[in-house]
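Participant: Below is one structure. I have some questions about it.
The values are calculated or read from the model by the stated rules, or taken from the named source; none is laboratory data. Quick caveat, the model's predicted, so the values are computed rather than measured. Counting neighbours? That spans all protein chains shown, and the Cβs are built from the backbone with ideal geometry, glycine included. The area values use the complete protein model at the heavy-atom level, side chains included, leaving out ligands, DNA and RNA. Shrake-Rupley method; radii C 1.70, N 1.55, O 1.52, S 1.80 Å.
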Amino acid sequence: PHAVEEGIVRFGTMMGDATVGSMPAVGVSVVHKLTKCTVDKGDGVYEKNGAVTFTYTADDGYELPTAVTVKVGGTTKTGGTDYTWTVGTGKLVFAANKLSGDAEITVTATEET
């Protein structure tokens with residue numbers, strides 16, 4: 001004969017093993033404020049401290065700015081230190097460990113001269 005358990009609920013915690021990388025990634029929110037340009041990756045949740053590259057394209061008749069504004073965790077960050085912005089390619093790159101909190105990226109294209 002087999003014993004049958006009825007009405008028993010067991011509670012437990014499932015934990016990943018950090019040493020093998022099975023812990024779920026923590027996400028941070030990225031919001032873009034764009035004027036006369038678009039971005040290849042939209043607003044959304046990205047891996048906290050993960051490396052990510054956004055590529056911007058100016059609308060017809062407009063050009064990308066020489067500088068952009070990046071806030072992470074509410075603090076304005078420094079280009080070349082906290083992220084890199086390359087106006088010629090329209091690429092904004094966060095290296096690993098730089099996207100440490102919710103981010104707001106402002107890119108304002110201006111009319112071509």
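Participant: Of everything in the stretch 90-111, what is closer than 17 Å to residue 34 by Cβ and open to solvent by 20 Å² or more (accessible area, probe 1.4 Å)? Give them in sequence order.
Facilitator: 91, 104, 106, 108, 110, 111
Participant: In the stretch 36-61, which residues are open to solvent by 60 Å² or more (accessible area, probe 1.4 Å) and not in a loop (DSSP other than H, G, I, E, B)?
Facilitator: Hits for the stretch 36-61 are 38, 45, 47, 57.
Participant: Also: Can you tell me which residues in the stretch 25-35 are open to solvent by 70 Å² or more (accessible area, probe 1.4 Å) and either farther than 16 Å from residue 91 by Cα or part of a loop (DSSP other than H, G, I, E, B) (or both)?
Facilitator: 25, 26, listed by residue number.
Participant: Residues to consider are 86, 81; find the one that is open to solvent by 50 Å² or more (accessible area, probe 1.4 Å) and within 29 Å of residue 60 (Cβ to Cβ).
Facilitator: 86
Participant: Consider only pairs whose beta carbons are under 7 Å apart and that are at least six residues apart or on different chains; among these, list those whose first residue lies in the stretch 29-40 and is in contact (Cβ under 8 Å) with a residue 40 or more places away in the chain and of a type in the set (Asp, Glu) and whose second residue is assigned to a strand (DSSP E or B) and open to solvent by less than 60 Å² (accessible area, probe 1.4 Å).
Facilitator: So the pair list comes out empty.
Participant: Taking the options 104, 63, 47, name whichever one is of a type in the set (D, E, K, R) and at pLDDT below 95. Outline the logic, then answer.
Facilitator: Values: 104 fails: at pLDDT below 95; 63 fails: at pLDDT below 95.
Exactly one residue qualifies, and that residue is 47.
Participant: Criterion first (modelled with pLDDT of 95 or more and hydrophobic (A, V, I, L, M, F, W, C)) does residue 4 satisfy it? So that I can check it myself, show each step before the final result.
Facilitator: Working: modelled with pLDDT of 95 or more: no; hydrophobic (A, V, I, L, M, F, W, C): yes.
So residue 4 does not fit the description; no.
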